[in-house]
Amino acid sequence: MKRFLSIVFAAMALSSATALAADPFTVAGVQVDATARTAIEAQTIAMRDGQLVAAEQLFDRLTLESERQSNPLPELTPELVARMIRALEPGKEKRSANRYLGEIAVAFNPSQVQQFLRENNLTLVSSQARERLVVVKDGGLRGSSGASTLQNAFADPRLSHALTPLRAANAEDSFVGTSDTELAGLAAKYGLTQVLIVEPTGTVLDVATDTGDRQTYYISNPSDPTGFADRLVERLEADWKQASAIVADEMVTTTVSVLYNNHASWLALQEAINTSAQISGARLDALSSDGALMTISYGGDLDRLANELRFKGVTVQRDPQLGLVFKRS
């Protein structure tokens, strides 16, 4: 118990100096509640149990469900999970003589997580899709308790850590139309290029304003705002992981022409390439004012790579003279 206390409070001390950035290796909003002989024992138990829950949520997020079913993870222990934690941040704390409750955000060490999954033969998917703007058409829709709205549920900061991060639009923007022009204007207001339109019926329209691609989802029980938001994220993440995970046994190495018309576009293309789950290596071979020649190694499925990069705002195409070409959508 004393050893675990030192781990808990070391992590908490680290969190005070390290802001938990919106990255996929952070799990936020984990509810903790424990009762023991003393308040400090209750807090220790709550933190230990909360870290195990956070680790389970993290592995669900970063791995493929099909792989977990065929190759389940070993039982997680407090000691095993503690070694993978780089920061812990408590919040909404309440204490009594023998009870502690609140919530925690846990930031995990990417290299430790990667090593653990590799040892257990599971594919790591940590590349994030581009952020989506969520427009709730009925911001006043309340859950059974009457205490929460869909608008509030999608404004929860923990959703920014998802592989498909979400940002809630302001309530005054809920009246926007669904035409390409209206949605493009709204997305640009927030500096984004993808919008989710959430209807009170549970229907969700997913629109990429730069490419015009549209997809419709139906998510059950919108009267449960938090659960509804979580189920939508699970659906989006599942699609994203299937689109971005490297599943080929053999990597393919090829040259690619990266075309751009300004420095900002070049930086955006670099970011998309460097954070791609499909691309395991990229080398810059030549650079000019409007293009670069690179050598990349990717998972062997060009359609899968193109689908992942499309969500990052990059078009993949073949040119008769240039060969494989990446450019901004």
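A short reminder: the numbers here are calculations on the coordinates, not readings from a lab. As the structure is a computational prediction, the values presented were derived from the model and not from experiment. FYI the Cβ positions are ideal-geometry reconstructions off the backbone, even for glycines, and counts take in every protein chain you see.
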Please work out the Cα center distance from region 49-118 to region 282-324, rounded to the nearest Å.
35
Please find, in a Gaussian network model of the chain (springs between Cα atoms separated by less than 10 Å), the residue of Ser111, Ser127, Ser70 whose mean-square fluctuation is greatest.
Ser70
Cβ neighbours within 10 Å, averaged per peptide: list 317-328, 156-167, 276-287 in order, most packed at the top.
156-167, 276-287, 317-328
Among all the lysines, which ones have a C-alpha under 21 Å from Lys189's C-alpha, if same-chain residues fewer than 8 places away are not counted?
Lys137, Lys312
In region 40-138, what GluC sites (Glu not before Pro) fall in a loop by DSSP, with at most 14 other Cβ atoms inside 10 Å?
Glu75
Listed by chain and number, the residues whose amide H is under 5 Å from that of Val134, excluding neighbours fewer than 5 places away on the same chain and using placed H, are Arg167, Ala168, Ala169, Leu196
With a 10 Å radius around each residue's Cβ, average the other Cβ atoms per peptide and rank 290-298, 211-219, highest first.
290-298, 211-219
Mean shadow area of the chain, taken as a quarter of the surface of its Cα convex hull (nm²):
19.4
Can you list which of the DSSP-assigned H helices in the chain have a Cα extent of 15 Å or more along the long axis and an average Kyte-Doolittle score of at least 0.0?
2-17, 39-62, 263-274
What FRET efficiency comes out for Leu284 versus Asp33 if R0 is 45 angstrom and r is the Cβ-Cβ distance? Round to the nearest 0.05.
0.30
Which whole number in µm²/s is D for region 247-329 by Stokes-Einstein, with the Kirkwood Rh taken over Cα pairs at 25 °C and 0.890 mPa s?
194
Quickly estimate the mean residue ellipticity at 222 nm for the chain, helices only: each DSSP H run with n ≥ 4 gives -39500 (n - 2.57), and the total goes over all residues, rounded to 500.
-11000 deg cm²/dmol
Along region 314-329, what does the Karplus equation 6.51 cos²θ - 1.76 cosθ + 1.60 (θ = phi - 60°) give for ³J(HN,Hα), rounded to whole Hz, x for Gly and Pro?
10, 9, 10, 8, 9, 10, x, 9, 8, x, 6, 10, 10, 8, 5, 4
Can you tell me the Rg and the Dmax, both Å, for the Cα atoms in region 142-230?
13.0, 40
Which cross-chain or sequence-distant (5 or more) residues have an amide H under 5 Å from the amide H of Ile85, H modelled 1.01 Å from N in plane?
Asn109
Per residue and in cubic angstrom, what volume does the convex hull of the Cα atoms of region 96-207 have?
184
Take every Cα-Cα pair in region 173-329 and report what % of them are more than 18 Å apart.
65
How much length would be gained if the chain were fully extended between Ser297 and Gln215, taking 0.36 nm per residue of separation minus their Cα-Cα distance, in nm to one decimal?
26.5 nm
With a point put 7 Å past each Cα toward its Cβ, work out how far Asn120 is from Thr275 in nm, to one decimal.
2.6
Ordering of 303-314, 191-202 by packing [mean C-beta count within 10 Å, highest first]:
303-314, 191-202
